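Colleague: Below are the structure tokens for one structure; questions will follow.
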Amino acid sequence: MLLQILVNALALGASYALLALGFVLILNATSAVNFTHGDMVMAAGYVAIALFSIVPVPGALLLPLVMVAMAVLGFVFSWFAYFPLKNRPPVSVFISTIALGIVFQNSANAIYGAEPRKGPPLLSEGLFEVAGITIGKQALGIVVVAIVLILAQHLLLNRTGIGRKLRATAQDRQMAEAIGIRVNRMIALTFALGAALAGAAGLMLSNTFFVTPTDGTNYIIKAYIAVTIGGWGSLTGAVCGALIIALFEVLFPSLPLLIPPLEAIAPWLFTQTASTILLYLGLLAIMFFRPQGLFGERVQRRV
Amino acid sequence: MNAALNWSISGVRPLLILGGVLLAAWPMLMSSAYELRIFTIVGIYALLALGYQFIFGHSGALALTQGSFFGVGAYVTAVLSVKFALGGELTVLLSMALPIALAALIAAPVLRLESHYFALATLGVGQVLVLVAVAWQELTGGANGLSGIPGLTLFGFEVKKGYAIMAAVWACVAAGAFLSWRITRGLYGAALHISRENPIAALSVGIDTAKLRYAMFLLSAMFAGLAGALYAHTIRVVSPEALEFPIMVACLTITVVGGRTHIAGAILGAILIVNLPEWFRAMDKYYLIAYGVTLLAMIIAAPYGLIGLLEQWRAKLWPEAPRRMPKAVPLLSLRATGPAFGPLLEIRDVHKRFGGLRALNGITLTVARGEIFGLIGPNGSGKTTLLNVITGIYRADSGSVSLDGAAIHALPSFAIAQSGIARTFQNINLVDEMSVLDNVAVARYGLENAGLGQTVAAGWSDPAWQRARSQAMSLLDALGVQSVAQSAAGTLAHGLKRKVEVARALALEPKLLLLDEPAAGLNETEQVDLADRLRSFARSGLAILVIEHNMPFLMPLAERMACLDHGDLIAVGAPADIRVDPLVVEAYLGLPEKTSA
Amino acid sequence: MSSKLLEIEDITARYAQIQALRGVSLFVDQGEAVALIGANGAGKSTLMKCVMGLVACESGFVRLDGEDLARRPVSHRAALGVGYSPEGRRIFPGLTVHENLLVASRDNDDGRARAEDIYAIFPALRQKTGELGWSLSGGQQQMLAIGRALMLRPRLLLLDEPSLGLSPLLTTEVLTHIQTITASGTAVLLAEQNVHKALSVSHRAYVIKLGRVVKTSVSSELLAGGDLTDAFLGA
């Protein structure tokens, strides 16, 4: 029972981790907060649904297609939301991404309607039996895929020439230009990469949690909480923060199942709603007491 | 009479006055109850946007709570009037009070964050509220909400549907506009302006930027709560939709499209955005997409909104004649300092590290009243760091800084400015769009004890602002730049900007003036002129500390000098002695200078 | 065709709203080391940034081997043969020493070979090859910044204030490498506050004061002459 809950938490955490990673990559490269990042997750869910209706294969096979499609979307997106405003204060980019988020959300609504839709599973829905323990196939699949993608992203950034260039651009854009890097291309590529990761998260979440046009707002807040807990700007922190959120979201409401007496004490506390509220309150507390999170540098303060 | 006429033809006001007349006439031309209702909703959103302008426009902080505060106000009204049958006079007040309390609560952890972090944090608050509204069914009616909300009743008198509620809403809009005008004009308005455009400059002239932002945040919540209450009484149903993101989106779009600091912008924006789905019936569920595209287009092409665009066009096509300048009044001389013995500024054993780098290593020096003190040293020696420690921008790791015997090293930088230390910056920190006169006048904020209450209570023209401008005029005179008083600060040549910055610093009636490379960029004539003026200020008792690399400027001016090198104080004394001090020469040249044979 | 590698003709430029350069002309020949000396604020760094295209020249020319650099984007400089070690070093803090070098090279095989050359010039870097940039000391960062600038075998190395934040001993150590660099065919333009050290490692020098060249000569003559205090401390 506990194991099942933990695997579910891990699966959710893995999806959130991909989402948070993409968010931080874009943040580091551009100092811009991409409000649409959550909507990318939602968009990917619909892309997966659309592809599945044409070619009914397991989600794992659709994954590369979805990621490529989202990379293209991220690339194009940066031309509208970021490059026209790159010399303006970062707030302008935030507003432009809010604007495009609205366009995404309502386009999805116009095409698919507000009813939740179910996305394709990675392999199949169903259960696995290992050493007397039952684990969901989807959950396991998500964890495996996420680990592969996170490793791939790590290898790309840390072991390839292009990855070095991306990191250099994120760390000191002017100096990167001075040594000959085409920084605009690097930034566009970062958007594409971030969107692809969000896309993977979207596909994986679409089966367990369904897809609705307004999911985006919820996901961007999760990304934000993960990054704040983990430390603003830190990739490791983003992954850790994501896991912590997922653990809380899945474990907390399930506590009465593990410890039955709790149900009698405060049944209203162990609901999904209450745990989400507690999560946000926890976020406010972290920002007050330890704004740099677990791994990050001090969050920028106003003067 | 003349003043009123001048006021009404300045800027885009003729257009706005015409617009206002049309707006007032419009309800009389309306035929259906439906149109009337739309017009009422326009008013409600105008009120919401007016409130939003305080935090987003005037303070420059992208809060995403305006929709949430609106929803809270709506729910308070709904719950209190449906479940407790309370009258409007109470429910309206509580509908404003609860959002204010909420704003005060969340302000503490989030208001000091940079803009976009702040925005996402406030978004989280909104999500929580939606969840609470849906879950707390006994109170809020859950997902279905509360219906059957009675009309607005004030002390037993019911405001009926149709014209009555519309008039009530627009009366609130008028009152809100009036309040907004009161708050954002004059000295307080100028303080808001500089706080958002250049927070460091604002702190250096003694403005508590955090307090201003906090007040604006609470004010925005108050307006939102009122708008929510009126909304509840107009459509008579409140559901979780009132808390959801589309309302925030509409509010943001209205403010960006209309103009984020213009009262007319809130109204114009509301008219356009609320009517968009009506005018483009065919768009149906696509109208929000149109909002998104509009918002994107506006933020790229016209970040100051339609009213901002109108103002730009008017300025280009029909430039205004300069207004009459205020008469200069003699400035109250430098305020009485403490006991006339003992040093004015005492720096004792100050240390400052940045990570592994030792920027200041136990600096001890004093500056006397009325003394001109020069601070030199090679690049990276710690001069600007010392200045920043004195003015409170950096906190020293150890040691103390005292002004007139009172320790100031633990005070926030705006308080240090208020206690009598003024400064200028290496890179000029004026507000480019404000006039030269206003740039200087805003520094009188602390001395005039300006504040929210004072600016609201003042009459047609803010007397504190008039006084400040007169004082500023005399300061511009003292620096010889009175002829450019009406020009926008951004249009000035560098040498003039430098003098304006000095004038602004003097407006604080400081005991000590800190100048960071004041001669940089000035030609020889300007340098001589500046040096002369500084000497005359020192003669009247002002102590001046000058950081400079320009020795022809500094040597004849300074009475005493100190030299820093790699964070150490290596020499203090008269300029002639410093110039030949072997340690100083070595610091600059690298090796002792060979004397010519 | 002149043999001059770098030709700067009467450039004026503004930096942070100030008229930082008021008509500066100078040249650097192939393979020589030229020093720019002058007080802070004189315009040395601005001059370097003009050559790099990081600051716009209002008038005048900057020519590399006869080619006008003005209209070229910043990122072209590296390919054209200009290496830049900026004021404050600005090595990439989150990249290792080895990565800092590789990221400045064109492709990886040649890059790896070239990195070996750099380690030969700066053996101290070889020991730190896997360390992240931010953990290096000031002197190590300065050597890395120079090494990074040399990765593409530039014809001209712009070295801006290497002694900033370094002890006199380290400064000497860093500056003595200039001879090795010029010996391998790269010209060096060095902006430096530390006059004596700059003059002892360069062939010629220009003295800059308030945005103008006030003196130019062979370095050894300037060192012997001894009337430089005026440029810095003169009233």
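Colleague: Any chance you could count how many residues in region C:87-113 are free of Cβ contacts under 8 Å to residues at least 12 places away in the same chain, surrounded by fewer than 17 Cβ atoms within 10 Å (Cβ to Cβ) and facing chain A (nearest Cβ under 10 Å)?
Modeller: Residues meeting the conditions: 2.
Colleague: Here are the criteria: (1) more than 14 Å from every other protein chain (Cβ to nearest Cβ); (2) closer than 27 Å to A:VAL239 by Cβ; (3) surrounded by 17 or more Cβ atoms within 10 Å (Cβ to Cβ). Tell me which single one A:PHE104 does not satisfy.
Modeller: (1)
Each row is one residue, and each column tells you yes or no for (1) in contact with a Gly (Cβ under 7 Å, 6 or more places away or on another chain); (2) outside the structural domain of B:PRO150 (by TED's automatic domain parsing); (3) closer than 20 Å to B:LYS211 by Cα.
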{"residue": "B:PHE56", "(1), (2), (3)": "no, no, yes"}
{"residue": "B:SER59", "(1), (2), (3)": "no, no, yes"}
{"residue": "B:ALA63", "(1), (2), (3)": "no, no, yes"}
{"residue": "B:GLY71", "(1), (2), (3)": "yes, no, no"}
{"residue": "B:ALA74", "(1), (2), (3)": "yes, no, no"}
{"residue": "B:VAL82", "(1), (2), (3)": "yes, no, no"}
{"residue": "B:GLY88", "(1), (2), (3)": "no, no, no"}
{"residue": "B:VAL92", "(1), (2), (3)": "no, no, no"}
{"residue": "B:ALA101", "(1), (2), (3)": "no, no, yes"}
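Colleague: Any residue at all in region B:143-156 that's touching a residue at least 24 places away in the same chain (Cβ under 8 Å), in contact with a Phe, Trp or Tyr (Cβ under 9 Å, 6 or more places away or on another chain) and either more than 14 Å from chain A (Cβ to nearest Cβ) or of a type outside the set (S, T, N, Q) (or both)?
Modeller: Scanning region B:143-156, I find at least one residue that is touching a residue at least 24 places away in the same chain (Cβ under 8 Å), in contact with a Phe, Trp or Tyr (Cβ under 9 Å, 6 or more places away or on another chain) and either more than 14 Å from chain A (Cβ to nearest Cβ) or of a type outside the set (S, T, N, Q) (or both), so the answer is yes.
Colleague: Just a yes or no: is a residue in region B:523-531 under 31 Å from the mean Cα position of the chain (by Cα), buried (at least 22 other Cβ atoms within 10 Å of the Cβ), more than 14 Å from chain C (Cβ to nearest Cβ) and part of a strand (DSSP E or B)?
Modeller: no
Colleague: Sticking with this one: Just one of B:GLU586, B:GLU517 is surrounded by 20 or more Cβ atoms within 10 Å (Cβ to Cβ), within 11 Å of another protein chain (Cβ to nearest Cβ) and either touching a strand residue (DSSP E or B) at 6+ places or on another chain (Cβ under 7 Å) or without any contact (Cβ under 8 Å) to a residue 12 or more places away in the chain (or both); which is it?
Modeller: B:GLU517
Colleague: Scan region A:8-22 for residues that are among the polar types (S, T, N, Q) and more than 8 Å from the chain's Cα centre (by Cα) and jot them down.
Modeller: Of everything in region A:8-22, just one residue is among the polar types (S, T, N, Q) and more than 8 Å from the chain's Cα centre (by Cα), namely A:ASN8.
Colleague: Where in region B:337-456 are the helices (runs of 4 or more DSSP H), entirely inside, with at least 1 residues that are buried (at least 16 other Cβ atoms within 10 Å of the Cβ) and among the acidic types (Asp, Glu)?
Modeller: Passing ranges, in order: B:436-441.
Colleague: Examine region C:180-190 for a residue that is touching a strand residue (DSSP E or B) at 6+ places or on another chain (Cβ under 7 Å), within 14 Å of chain B (Cβ to nearest Cβ) and in contact (Cβ under 8 Å) with a residue 24 or more places away in the chain, and state whether such a residue exists.
Modeller: Checked region C:180-190: at least one residue is touching a strand residue (DSSP E or B) at 6+ places or on another chain (Cβ under 7 Å), within 14 Å of chain B (Cβ to nearest Cβ) and in contact (Cβ under 8 Å) with a residue 24 or more places away in the chain.
Colleague: Additional query: Is at least one residue of region A:231-248 more than 11 Å from the chain's Cα centre (by Cα), free of Cβ contacts under 8 Å to residues at least 12 places away in the same chain, under 24 Å from B:PHE245 (Cβ atoms) and more than 14 Å from chain C (Cβ to nearest Cβ)?
Modeller: No, because not a single residue in region A:231-248 is more than 11 Å from the chain's Cα centre (by Cα), free of Cβ contacts under 8 Å to residues at least 12 places away in the same chain, under 24 Å from B:PHE245 (Cβ atoms) and more than 14 Å from chain C (Cβ to nearest Cβ).
Colleague: Farther than 21 Å from C:GLU9 by Cβ, within 17 Å of the chain's Cα centre (by Cα) and not in a helix (DSSP H, G or I): which single residue out of C:LEU144, C:LEU166, C:LEU175, C:LEU158 fits that description?
Modeller: Just one listed residue meets the conditions, C:LEU166.
Colleague: When region C:178-211 is examined, which residues are found to be closer than 21 Å to C:GLY83 by Cα and in a loop (DSSP other than H, G, I, E, B)?
Modeller: Selection gives C:SER184, C:GLY185, C:THR186, C:GLN193, C:VAL201, C:SER202, C:HIS203.
Colleague: If we scan region B:137-151, do we find a residue that is buried (at least 22 other Cβ atoms within 10 Å of the Cβ), under 33 Å from the mean Cα position of the chain (by Cα), assigned by TED's automatic domain parsing to the domain that holds B:ALA227 and not small (Gly, Ala, Ser)?
Modeller: no
Colleague: Of all residues in region A:153-179, which are within 16 Å of C:SER105 (Cα to Cα), assigned to a helix (DSSP H, G or I) and facing chain C (nearest Cβ under 7 Å)?
Modeller: Passing the criteria: A:GLY161, A:ARG164, A:LYS165, A:ARG167, A:ALA168, A:MET175, A:GLU177, A:ALA178.
Colleague: Pick out, from region A:210-303, the helices (runs of 4 or more DSSP H) lying fully within it that include 1 or more residues that are in contact with a Phe, Trp or Tyr (Cβ under 6 Å, 6 or more places away or on another chain) and surrounded by fewer than 18 Cβ atoms within 10 Å (Cβ to Cβ).
Modeller: Hits in region A:210-303: A:235-258.
Colleague: Kindly indicate which of C:VAL51, C:VAL82 is of a type outside the set (Asp, Glu), in contact with a helix residue (DSSP H, G or I) (Cβ under 9 Å, 6 or more places away or on another chain), under 18 Å from C:TYR206 (Cβ atoms) and within 12 Å of chain A (Cβ to nearest Cβ).
Modeller: C:VAL51
Colleague: In this structure, does B:GLU526 turn out to be within 30 Å of B:TRP181 (Cβ to Cβ) and of a type in the set (D, E, K, R)?
Modeller: no
Colleague: Against the definition (out of contact with any Asp or Glu (no Cβ under 7 Å at 6 or more places or on another chain), assigned to a helix (DSSP H, G or I), away from chain B (no Cβ under 14 Å) and at pLDDT 90 or above), how does A:LEU73 come out, yes or no?
Modeller: yes
Colleague: Right, here's the next one. Which of the helices (runs of 4 or more DSSP H) contained wholly in region B:1-102 include at least 2 residues that are surrounded by 15 or more Cβ atoms within 10 Å (Cβ to Cβ), touching a Ser or Thr at 6+ places or on another chain (Cβ under 6 Å) and hydrophobic (A, V, I, L, M, F, W, C)?
Modeller: Helices (runs of 4 or more DSSP H) meeting the threshold: B:33-52, B:66-83.
Colleague: For B:VAL500, which of the numbered conditions (1) at pLDDT 90 or above; (2) closer than 24 Å to B:TRP181 by Cβ; (3) crowded, with 22+ Cβ neighbours inside 10 Å; (4) not basic (Lys, Arg) fails to hold?
Modeller: Evaluating B:VAL500 over (1) at pLDDT 90 or above; (2) closer than 24 Å to B:TRP181 by Cβ; (3) crowded, with 22+ Cβ neighbours inside 10 Å; (4) not basic (Lys, Arg) leaves (2) as the failure.
Colleague: Go through (1) within 14 Å of another protein chain (Cβ to nearest Cβ); (2) touching a residue at least 12 places away in the same chain (Cβ under 8 Å); (3) under 30 Å from C:ARG148 (Cα atoms); (4) of a type in the set (A, V, I, L, M, F, W, C) for A:ALA226 and report which single condition fails.
Modeller: Status for A:ALA226: all satisfied but (3).
Colleague: Let me confirm something: among A:PHE23, A:PHE35, which residue is of a type in the set (Phe, Trp, Tyr), within 20 Å of A:TRP79 (Cα to Cα), in a helix (DSSP H, G or I) and modelled with pLDDT of 85 or more?
Modeller: Of A:PHE23, A:PHE35, the one residue that is of a type in the set (Phe, Trp, Tyr), within 20 Å of A:TRP79 (Cα to Cα), in a helix (DSSP H, G or I) and modelled with pLDDT of 85 or more is A:PHE23.
Colleague: Need at least 1 residues that are of a type in the set (A, V, I, L, M, F, W, C) and away from every other protein chain (no Cβ under 14 Å) per element, so show me which helices (runs of 4 or more DSSP H) inside region B:207-299 make the cut, counting only ones lying wholly within it.
Modeller: Passing ranges, in order: B:209-235, B:263-279.
Colleague: Answer yes or no as to whether B:ALA177 is more than 10 Å from chain A (Cβ to nearest Cβ) and surrounded by fewer than 21 Cβ atoms within 10 Å (Cβ to Cβ).
Modeller: Yes; evaluated as a whole, the condition is true for this residue.
Colleague: So B:MET96 passes all but one of these: (1) farther than 19 Å from A:MET287 by Cα; (2) at pLDDT below 85. Which condition number does it fail?
Modeller: Looking at each condition in turn, B:MET96 falls short on (2).
The values are calculated or read from the model by the stated rules, or taken from the named source; none is laboratory data. Being a predicted model, the structure only gives us computed values, none of them experimental. Counting neighbours? That spans all protein chains shown, and the Cβs are built from the backbone with ideal geometry, glycine included.
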